[in-house]
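To start, the structure under review is shown below, and the notes come after it.
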Amino acid sequence: MTEAAFWETKTLTEMTRDEWESLCDGCGKCCLHKLQDEDSGELAFTNVACILLDLKTARCTDYARRRIRVPDCVRLTAAGAQTFSWLPRTCAYRLLAEGKTLPAWHHLVCGDPHAVHRAGVSVRGRCVREDQVIDFEDYLVAWEDL
């Protein structure tokens, strides 16, 4: 019998920093700009990526200093898990906060960090950089995996 995985036995707040960081599947969807309707509060996703997102790898190019370089970059914490509804439906942080399991393509499940790309749930090849955009509303997307 194999030992249960940490994400199956620990709450988000019980995880070590390394365990927490390992939950990220590398999809890059949290790095897309979102627009919020002033009246309804509804969120709309764009395919406009943060200036720090590498569009070929879907990874932050300066993760350690991202909040210095991009002051409105949101830092995910276990304490803020109740607010994770703005994250994509496929996000491990959101899934676990909602009591769900990780998908089969998640690297912690399958052991392959590139599986997220092969499963078609990363932003790789689907985005534009924010410095190439004038009006974010022209880049609204309704991807199934958001």
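Since every read-out is calculated from the coordinates, none of them should be taken as a lab result. Keep in mind the model is a prediction, meaning the values are calculated, not measured. Every residue, glycine among them, receives a Cβ derived from its backbone with ideal geometry; neighbour counts consider all protein chains shown.
For the reader, a short list of remarks on this structure follows.
- In the stretch 107-146, the residues that are outside any helix (DSSP H, G or I) and basic (Lys, Arg): Arg124, Arg126, Arg129
- Looking across the stretch 86-101 at every residue that is in contact with a Cys (Cβ under 8 Å, 6 or more places away or on another chain) and among the aliphatic types (A, V, I, L, M), the one that is nearest to Ala5 (Cα to Cα) is identified as Ala92.
- Hits in the stretch 76-121 - residues which are hydroxyl-bearing (Ser, Thr, Tyr) and farther than 18 Å from Leu43 by Cα: Thr77, Tyr93, Thr101
- Filtered residues of the stretch 44-71 (kept if of a type in the set (A, V, I, L, M), surrounded by fewer than 18 Cβ atoms within 10 Å (Cβ to Cβ) and not in a loop (DSSP other than H, G, I, E, B)): Ala44, Ala64, Ile68
- For the stretch 90-133, the set of residues classified as surrounded by fewer than 16 Cβ atoms within 10 Å (Cβ to Cβ) and among the charged types (D, E, K, R) consists of Glu98, Lys100, Asp112, Arg118, Arg129, Asp131, listed by residue number.
- The stretch 76-94, residues that are in a helix (DSSP H, G or I) and either of a type in the set (A, V, I, L, M, F, W, C) or in contact with a Pro (Cβ under 8 Å, 6 or more places away or on another chain) (or both): Ala78, Ala79, Ala81, Phe84, Trp86, Ala92, Arg94
- Residue count for the stretch 120-133, restricted to those that are in contact (Cβ under 8 Å) with a residue 12 or more places away in the chain and either over 15 Å from the mean Cα position of the chain (by Cα) or within 19 Å of Met15 (Cα to Cα) (or both): 6
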